[in-house]
Amino acid sequence: MDALPITPAKPAIPPAFFGETVTWVHHWTDKQFSFRCTRDPALRFVAGQFAMIGLMVNGKPLVRAYSMVSPPWDEELEFLSIKVQDGPLTSRLQHIQVGDTVLIGKKPTGTLLIENLLPGRTLWMVSTGTGMAPFMSLVREPEVYEKYEKVVLMHGVREVKELAYHDYLQKDLPEHEFLGEMLRDKLLYYPTVTREAFRTQGRVTTLLDSGQVNADLGLPPLSPEHDRVMLCGSEAMNADVKALLEARGFVEGSNNEPGTYVLEKAFVTK
Ligand code: A2P
């Protein structure tokens, strides 16, 4: 009798996770990459939420919170990650390849939700680094354009090459087969770079505080009367924008009570 081929046993997926297959990987820089994977039809989420994502390591799940980049209507899932050479998860995750298995938590959650904001006229999405991930989902959520007259996506990074999704936002999305018409006159993408020359320079905080961004986009000064803000970035950026907003009378919303702004930190730092 022929010997059976020996294949290494794949670790069982713990019940809190779906085991999904990587379908695409794109490295933006030596510090940032995106990947897509299959999506179990049972996974439900709302634009702006995050899930626990990761890998089986030594037979155990090693996971971190990652916001979905893909919109809820996408049949696959997409994520944006930093790469930290000695980071427990990202030192491994950055090497994933098409066909590999990733863990996707079954219970997405989060506060960057349209329903956590009171009705308003302009929705501001303010992000730094990989904090723009949840906003990539939100800018492709039709409900956003039903509820707001203008939608601003600010993305602050150190160097031009860190402007992940720049070309997609600038060129492809306004031409999108189904969304293009809905968002073309409403979505205002505002990338800014702090450590090299670019058409817009400076920290998101400085541009908001001085009103430069409002002037550039032809929008009135920030006010809790008609503006709604979502924040996602480093703890320092979140704290600075929070202070700036509260000084102008904005009130933080939560899953229990809607407000005039909401925030979430860009989670993965290792
Ligand atoms: P800067 O270059 O002036 O530090 P990082 O890569 O460190 O996460 O930074 C991403 C972007 O966020 C950079 O442009 C950085 O600007 C900016 N940044 C860092 N701290 C703050 C803050 N407290 N408020 C606003 N922007 C910030």
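Only the coordinates and a few stated rules stand behind these numbers; no lab work does. Because the structure is a prediction, the values reported are computed rather than measured. So basically every Cβ, Gly included, is an ideal-geometry build from the backbone, and we count neighbours across all protein chains shown.
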If residue 37 satisfies all but one of (1) buried (at least 17 other Cβ atoms within 10 Å of the Cβ); (2) over 29 Å from residue 169 (Cα atoms), what's the number of the condition it fails? (2)
So residue 236 passes all but one of these: (1) crowded, with 16+ Cβ neighbours inside 10 Å; (2) under 24 Å from residue 194 (Cβ atoms); (3) under 19 Å from the mean Cα position of the chain (by Cα). Which condition number does it fail? (1)
In this structure, does residue 107 turn out to be part of a helix (DSSP H, G or I) and in contact (Cβ under 8 Å) with a residue 24 or more places away in the chain? no
All but one of (1) crowded, with 22+ Cβ neighbours inside 10 Å; (2) in contact with a Leu (Cβ under 7 Å, 6 or more places away or on another chain); (3) within 15 Å of residue 231 (Cβ to Cβ); (4) not aromatic (Phe, Trp, Tyr) hold for residue 154; which doesn't? (2)
Please go through the stretch 213-222 and give me each residue that is surrounded by 15 or more Cβ atoms within 10 Å (Cβ to Cβ) and out of contact with any strand residue (DSSP E or B) (no Cβ under 8 Å at 6 or more places or on another chain), ordered by number. 214
Before we move on, is residue 114 crowded, with 17+ Cβ neighbours inside 10 Å and either more than 30 Å from residue 218 (Cβ to Cβ) or within 16 Å of the ligand (Cβ to nearest atom) (or both)? no
Identify all residues within the stretch 56-70 that are under 23 Å from residue 98 (Cβ atoms) and surrounded by 18 or more Cβ atoms within 10 Å (Cβ to Cβ); write none if there are none. 56, 63, 64, 66, 67, 68, 69, 70
Please tell me if residue 144 is surrounded by 19 or more Cβ atoms within 10 Å (Cβ to Cβ), of a type outside the set (S, T, N, Q) and in a helix (DSSP H, G or I). yes
Does any residue in the stretch 128-140 that is within 15 Å of residue 49 (Cβ to Cβ) and free of Cβ contacts under 8 Å to residues at least 24 places away in the same chain come within less than 6 Å, Cβ to Cβ, of a residue that is more than 15 Å from the ligand (Cβ to nearest atom) and not acidic (Asp, Glu) six or more places away or on a different chain, and which pairs are these? none
Count of residues meeting criterion [without any contact (Cβ under 8 Å) to a residue 24 or more places away in the chain, among the aliphatic types (A, V, I, L, M) and more than 10 Å from the ligand (Cβ to nearest atom)] in the stretch 198-239: 1
Consider residue 229 against the criteria (1) of a type in the set (A, V, I, L, M); (2) part of a strand (DSSP E or B); (3) surrounded by fewer than 18 Cβ atoms within 10 Å (Cβ to Cβ): it satisfies all of them except one. Which criterion is unmet? (3)
Step by step: first the residues of the stretch 240-270, then only those that are β-branched (Val, Ile, Thr) and surrounded by 21 or more Cβ atoms within 10 Å (Cβ to Cβ), then the one that is nearest to the ligand (Cβ to nearest atom). Which residue is that? 241
